[in-house]
1. Would you please classify the overall shape of the range 245-288 from the alpha carbon gyration tensor, given that a ≥ b ≥ c denote the square roots of the eigenvalues, rounded means a/c under 1.5, and beyond that prolate means a/b larger than b/c while oblate covers the rest?
2. Would you please classify the overall shape of the range 303-355 from the alpha carbon gyration tensor, given that a ≥ b ≥ c denote the square roots of the eigenvalues, rounded means a/c under 1.5, and beyond that prolate means a/b larger than b/c while oblate covers the rest?
3. What does the extension gain come out to for HIS160 and LYS198, with contour length at 0.36 nm per residue minus their alpha carbon separation?
4. Can you tell me what percent of all Cα-Cα pairs in the range 3-112 are more than 23 Å apart?
5. Computed on alpha carbon atoms, what radius of gyration and Dmax characterise the chain, expressed in Å?
6. As a test of the formula, what do you get for the chain when each DSSP H run with n ≥ 4 contributes -39,500 (n - 2.57) and the sum is divided by the residue count, at 222 nm and rounded to the nearest 500 deg cm²/dmol?
7. Which length gain, in nm to one decimal place, applies between VAL387 and HIS235 when the Cα-Cα distance is subtracted from 0.36 nm times their residue separation?
8. Could you tell me the calculated FRET efficiency between SER73 and LEU10, based on Cβ-Cβ distance and R0 = 22 angstrom, to the nearest 0.05?
Amino acid sequence: MELKQRNNTLALVALAISAFAIGTTEFISVGLLPLIAEDFHVGITTAGLTVSIYALGVTIGAPVLTAITSNISRKSLLLWIMIVFIIGNSLAAIAPNITILLIARIISAFAHGIFMSIGSTIAADLVAKEKRASAISIMFSGLTVATVTGVPFGTFIGQHFGWRLAFITIVIIGIIAFIGNSVLVPGNLSKGGRATLKDQLRLVTNGRLLMLFFITALGYGGTFVVFTYLSPLLHEVTGFKQNTVAGILLLYGVAIAIGNMIGGKLSNKNPLQALFYMFIIQAIVLFILSFTLPFKVIGLISILFMGLLAFMNVPGLQVYVVILAERYVPSAVDVASAVNIAAFNAGIAIGSYLGGIVTNSLGLIHTSWVGGIMVVAAIFLTGFSLVLEKNSLDKGVLPR
């Protein structure tokens, strides 16, 4: 029994390494945008497509590819995911032009989408029922570590040794994860439930769930109008030197990790109400940022507050989508999680693309208040959801 527990713990570590690799590659472009733009002789907003295109790939990949692959052995699927991930990032490292780089990012994004959908299921399957939450948290620790250290470390490598080496480093981590999954993850994992396209249709036509998906995209995506262009913002507007940016991104990652933990605690009792107040503070910070960005000290403080709020809403959004799915479409809770992952990444794609338009037409500094407007829209939708929730309670339809 002790040997099995130890083996399962090692399998969770292998999953966490996979999550670290995938989490790092998702946002690695943020710190490398100026280098990619300079190397390919394109504008900073064209280089910014490496963020929005990736997010769009995850948006499509998470629900659709999860449905298509639902009958495949979980371990086989996990290994294929890492192979696709390695291929995508290898192609990115040798891309001769921006077009090939964008294609490479889409390939990597497809792997990301499926991994995020099945990773929790695999982790939960490795342990006893009463330890599932802990197992899932171990797997997701890889994403947290990637946010805190992976992106700034990749940025540091890119600035000192070239952006291509940053992607090569991710490939090496992906290979280590593939070997770890091959050796440590058992082959007798249960298959996932049949995630049909019909289930997805039921989810996206349910008014309450559809509203939550919009809240996820707008509330989470608002920050990415700014975050996508954070590296050039820090350099061109706030006035920090390029070699200082990686250190600031590290601090930003720490703020994200702290905010994520706070958001989890605040969302335990009433996630929807917690989200309402989180979005209000998030919008205020984004609006204030427009005035503080030109000043180093107060600008840096404002950026760290933006990081604190950026992922604080994630636990509440994830918990509430499960609550609604169990209430309205109980046969498709897993699919609801996959669609919400798509909504998160749709927010990233919309935010980063909008940031590019704003940068081209108005200037970098205006990205913050435009992101604030996106979050304000999420505030109104969340407030409306609170009213609907109260009406449900009054009618005796109790939330689970």
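The values are calculated or read from the model by the stated rules, or taken from the named source; none is laboratory data. Being a predicted model, the structure only gives us computed values, none of them experimental. A quick note on method: Cβ atoms are made from the backbone with ideal geometry, for glycine too, and the neighbour counts reach across all protein chains shown. Keep in mind that these areas ignore ligands, DNA and RNA; they rest on the heavy atoms of the full protein, side chains included. Shrake-Rupley method; radii C 1.70, N 1.55, O 1.52, S 1.80 Å.
1. Because a/c hits 1.5 or more and a/b fails to exceed b/c, the range 245-288 counts as oblate.
2. Working: a/c = 4.26, a/b = 1.78, b/c = 2.39.
Oblate.
3. Answer, rounded to one decimal: 8.7 nm.
4. 35 percent
5. Calculated on Cα positions, Rg and Dmax stand at 20.3, 63 Å.
6. Working: 17 runs with 320 residues, N = 400.
Calculated from helices alone, the mean residue ellipticity at 222 nm is -27500 deg cm²/dmol.
7. Result: 50.4 nm gained on full extension.
8. Step by step, r from the Cβ atoms, then E = 0.65.
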